Amino acid sequence: MNSNSTTDTETVPHTLKLDAIRIYEKFQSLCPALSIEEADQLRDNILSDGEFREPLIVWKSEGILVDGHNRFNVWRTLTDEQRQRIAPPRIKQLEFSDRDAVHDWIINNQIGRRNVAPSQRAYLVGRLYNSEKKNDRDFLKQGDASPNLPGDQIEHPGKTAGRIADKVGMSPAQVRRDAKYAEAVDKLAENLGPEVRDELLTAKKISKDRAVEIAALPADQQKAEYERAMGRGEPSGGISFTPEEWGGMEPVADPVVPDDTVTDYHVKEMQAPYREVQKHATAMKKAFGNLSSGPGGAWCNPNAMQDILTCYTNLMNTINYRKPVAVCGYCNGKKCDRCYQTGALNKDQSQALAEGRSATGQATAGVQQAV
């Protein structure tokens, strides 16, 4: 809704000094934080390159950092000796109409980056939807008094989810689900502390649905439930509890079941629980290797271990065989009986379809591998 929010751009190496740049927490929260290992790697890369490859983006009239918080933090933590070895980061100043315009610019810029994790992308998409939904509501309140708005916005007011869905390549329903997730993350960060936001978006221990459930609890119950879900708290009361309460058992990203056509993006989302199973299976294989050690190791002699590993291999082959890898070429993602109404095919089915089309001279472009 703020497509014309930037009015001026320029690279300013000296006009604005680095120590005069201000940090605004709400803008910084939109930029994914780095883990300790990632921050160390970024610092090492900068020192190795001898420069900051990308400039810092600053709101010109306010002097507030808009993009480059991680790089700016690296500069601030360098020693004097290290600073003498590299060139300081360049500063690129942009002018914005207001803070809402900066907010939307940051989100759109982050969504367009390839290294954004699924949970971070979902959070950003949700924040963008909530921001533009507010703008749409303000537009509707104005009635017909909107001569300065683009024609497409006057013609279709309020269709926020569809507009964003087209932009980011997902279904409107998923955009709305991501909006609920973003609201939940912000609510938990407000009630439990800002560090919770970074943990939710980087730790990959709590699914999006679980975060929404925890945020819906009364404020005085959220802390205990959050800690339990992260694997740090006590199990819930009663004589039994499920392993999921300890966290780390849910998939990295929620599988998407779109309302309309399945795309390659949805296929990748469908693969999330399979990747989670494979991750736990890798740990299980390592545990198998320890069975023969210890006082009871004689029960797991080489023959027994071979039987166990054979069963493990069969299990992994079965999982891999069932994993969706491509948009269904029979219905082009519309969902049919050949794909069990999922809109996706597994490896064998997609290869069979490709070979069949090739044999009859038909194009095989419809079978796009998503792995």
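The values are calculated or read from the model by the stated rules, or taken from the named source; none is laboratory data. Here the structure is a predicted model, which means the values were calculated and not measured. Neighbour counts run over all protein chains shown; Cβ positions are idealised from the backbone, glycine included.
Once the range 168-203 is narrowed to residues that are of a type in the set (Ser, Thr, Tyr) and crowded, with 19+ Cβ neighbours inside 10 Å, the residue that is nearest to the chain's Cα centre (by Cα) is 181.
Residue count for the range 214-233, restricted to those that are out of contact with any helix residue (DSSP H, G or I) (no Cβ under 8 Å at 6 or more places or on another chain) and either buried (at least 20 other Cβ atoms within 10 Å of the Cβ) or farther than 27 Å from residue 38 by Cβ (or both): 4.
The set of residues from the range 164-176 being in contact with a helix residue (DSSP H, G or I) (Cβ under 7 Å, 6 or more places away or on another chain) and part of a helix (DSSP H, G or I) comprises 164, 165, 168, 172, 175, 176. For the range 333-347, a residue qualifies if it is within 16 Å of residue 171 (Cβ to Cβ) and either among the basic types (Lys, Arg) or surrounded by 14 or more Cβ atoms within 10 Å (Cβ to Cβ) (or both), and the qualifying residues are 333, 334, 335, 342, 343, 344.
On the basis of being modelled with pLDDT of 65 or more and in a loop (DSSP other than H, G, I, E, B), does residue 232 make the cut? In short, yes. Screening residue 257 against (1) assigned to a helix (DSSP H, G or I); (2) modelled with pLDDT under 80; (3) among the aliphatic types (A, V, I, L, M) leaves a single unmet condition, (1).
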